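Enquirer: My questions all concern the structure below.
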């Protein structure tokens, strides 16, 4: 992938087999993602990073299996350089190089890459992090009660951030993410 001055290879991770993977999202990767089938991971339909629906934003914020599938889509052009095929066996080879620590790094870098391409996703990932942290301390019944309220809060924050983005108020978006 060609580096731009803004990229500086910030979206690269190494797997446990020592292979480097660049998961920078450009328009080409966004189009490849949009044209891919993720029906095994989500029911939201098309994943369009140029114009993500609220359902896509929510799903990307909470669905780790979908995120791994997005990485697999993004790295397709890099497979041959790493002697990996594009079939199920190749996917298994790729996944065998991802342990728990590498998975956390990969997901974090993917979030950064998505946010660099689609700034309105910052609020999604910040909110989903809050949801996950709170969920870790709750019983299943308490979690079920709170999930509806959290989804409404997330939808409201997403709507506000999207409106601010459309109006060009990037400083307000940053403030709503950190606050």
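The values are calculated or read from the model by the stated rules, or taken from the named source; none is laboratory data. The shown structure was predicted, so the numbers you read here are calculated from the model rather than taken from an experiment. Ideal geometry is used to build each Cβ from the backbone, glycine not excepted, and the neighbour counts take in all protein chains shown.
Enquirer: Taking residue 30, is it over 23 Å from residue 17 (Cβ atoms), part of a helix (DSSP H, G or I) and at pLDDT below 95?
Expert: no
Enquirer: Could you say which residue among 40, 51 is free of Cβ contacts under 8 Å to residues at least 24 places away in the same chain and either more than 21 Å from residue 92 (Cα to Cα) or outside the structural domain of residue 151 (by TED's automatic domain parsing) (or both)?
Expert: Working: 40 fails: free of Cβ contacts under 8 Å to residues at least 24 places away in the same chain.
Going through 40, 51 in turn, the sole match is 51.
Enquirer: How about region 33-59: which of its residues are closer than 17 Å to residue 122 by Cα, assigned to a loop (DSSP other than H, G, I, E, B) and out of contact with any helix residue (DSSP H, G or I) (no Cβ under 8 Å at 6 or more places or on another chain)?
Expert: 51, 53
Enquirer: May I ask you to verify whether residue 46 is farther than 21 Å from residue 106 by Cβ, out of contact with any strand residue (DSSP E or B) (no Cβ under 7 Å at 6 or more places or on another chain), surrounded by 14 or more Cβ atoms within 10 Å (Cβ to Cβ) and modelled with pLDDT under 90?
Expert: no
To keep it simple, each residue is scored yes or no on (1) within 10 Å of the chain's Cα centre (by Cα); (2) closer than 30 Å to residue 154 by Cα.
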residue	(1), (2)
76	no, no
80	no, no
85	no, no
97	no, no
101	no, yes
105	no, yes
109	yes, yes
